[in-house]
1. With the Cα gyration tensor of the range 130-181 in hand, give its eigenvalues times 5 under a square root as the equivalent ellipsoid semi-axes, listed largest first in whole angstrom.
2. Among the listed pairs Lys172/Lys218; Lys93/Lys185; Lys44/Lys218; Lys92/Lys170; Lys45/Lys204; Lys185/Lys265, give every one whose C-alpha distance is greater than 23 Å.
3. Distance between the C-alpha centers of the range 51-72 and the range 196-245? Whole Å please.
4. Nearest 5 percent is fine: what portion of the DSSP beta bridges confined to the range 171-232 is antiparallel?
5. Apply the Karplus curve 6.51 cos²θ - 1.76 cosθ + 1.60, θ = phi - 60°, to the phi angles in the range 2-9 and return the couplings in whole Hz, x for Gly and Pro.
6. With charges only on Cβ, +1 for K and R and -1 for D and E, what is the dipole size of the range 288-380 about its Cα centre, in debye, rounded to 20?
7. How much of the accessible area of the chain, in percent, comes from carbon and sulfur atoms when a 1.4 Å probe is used?
8. Using 20 Å bins from zero, what percent of all Cα-Cα pairs in the chain falls into each bin?
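The values are calculated or read from the model by the stated rules, or taken from the named source; none is laboratory data. Every value quoted in this text rests on a predicted model; they were computed, and no experiment measured them. So basically every Cβ, Gly included, is an ideal-geometry build from the backbone, and we count neighbours across all protein chains shown. When the accessible area is computed, the model is the full protein with side chains, heavy atoms only, and any ligands, DNA or RNA have been set aside. Shrake-Rupley method; radii C 1.70, N 1.55, O 1.52, S 1.80 Å.
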Amino acid sequence: MTAPKTRYFDSNATTSVAPEVLQSMLPYFTENWGNPSSPYRLGKKLVEPIELARESAAALIGADSSEVIFTSCGTESINTAITSCLYSQPAKKHIVTTAVEHSATKNSCAALAGRGYAVTYLPVNRDGSLDLGLFEASLRPDTAVVSIMWANNETGVLFPIAQIAAICRKRKILVHTDAVQIPGKLTIDVNELGVDLLSLSAHKFHGPKGVGLLYVRKGTPFWPLIIGGHQEEGNRGGTENVPYIVAFGRAAELARAISTQSRQKLAALRDSLENEIFSKIPGTSRNGAREPRLPNTTSISFTGVDAEALLMMFDQLGICASSGSACTTGSVAPSHVLTAMQLNPTEARSTIRFSLDYETTPEDVAFLMSHLPRLITELRSAASPRTAARLTSSKPALAAQAM
Ligand code: PLP
């Protein structure tokens, strides 16, 4: 039996490496394989491509290239950002974050709490939004860092980072944002945003896995996490991963070139998927505010459906999606993001995240929708014939959900 064609609705988990990006990195595995720190040409000639990649990366976020540190992934950038703010201000012991962060932040803060730091996890509203009054009230004289994600990877909900940064600035508190889900989907300008530190990861925007970026605003106190050689101006030891850094630069150029029109098209395709689900399948609801939200993401709960079972049926058809965060797949715990939004564990376990990409086609959406209503009916009937009968006779909630 031939494998079915892949229909990929999991771009928040990872994206394919763009052909241009792959081409850009290949020479650095073959003829240009030297060590950039070496004194001879084979190594020395690698300094320029690294610096060109740094400039492209800086241009993606409106920064100066001297403010860009290459890392091994988004998780490393986030860990570095938070610990740097703590270690460079030893008198301050308090971190403010939210209850819906990616595990890179959540577990990093939990580990720091175990070492004596105080952590405030801000709750979110039912629609995934943040209460700025509550945020401001959580700040203390000993707050060393506010680390709040810009876009939630599970729901796509955006937090008001510019407003958060302005509040922090007045109080001289350092602010870091996990912007891993942003490139290619929103324009990034670190000066408009006003953050002190910002994290990215190349594999979320058609670069390879295993290379990240940490932006550190000029003048921000900095304490490296990876201490070793003089690489990255002493801010991150370890021989540079030249092919991946070059690839980051090329992926950044491609992400920066994505037009507003393309983003609108992506949002329209996502909205058409949402509308079809709400109009064709009763007992469905979106998690998270409709706006402000990433243009590619929707999180949908299907009452009475076991999301893991649905994902297995999807897999048979070549459809890739996610139940909650990809990084927690395999764990039986319901998504901490959805439970923070006051879904009960059963509702959280009946949720699928669809995250589209510029490569997603209307035909992919049509294929998904040609199977989804039937799969939902089958799963509901198997789980509870009475619930299935009740939901089948109820009207789809288009008007309520699609606003
Ligand atoms: N932050 C967010 C919002 C993410 O979605 C991810 C990846 O899933 C990360 C951080 C971690 O990035 P990486 O996989 O590069 O460590």
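1. Result for the range 130-181: semi-axes of 20, 11, 9 Å.
2. From Lys172/Lys218; Lys93/Lys185; Lys44/Lys218; Lys92/Lys170; Lys45/Lys204; Lys185/Lys265, over 23 Å: Lys93/Lys185; Lys44/Lys218; Lys45/Lys204.
3. 9 Å
4. DSSP beta bridges in the range 171-232 are roughly 60 percent antiparallel.
5. Each residue's phi maps through the Karplus curve to give 7, 5, x, 4, 6, 10, 9, 10 Hz.
6. 300 debye
7. 57 percent
8. 27, 54, 19, 1
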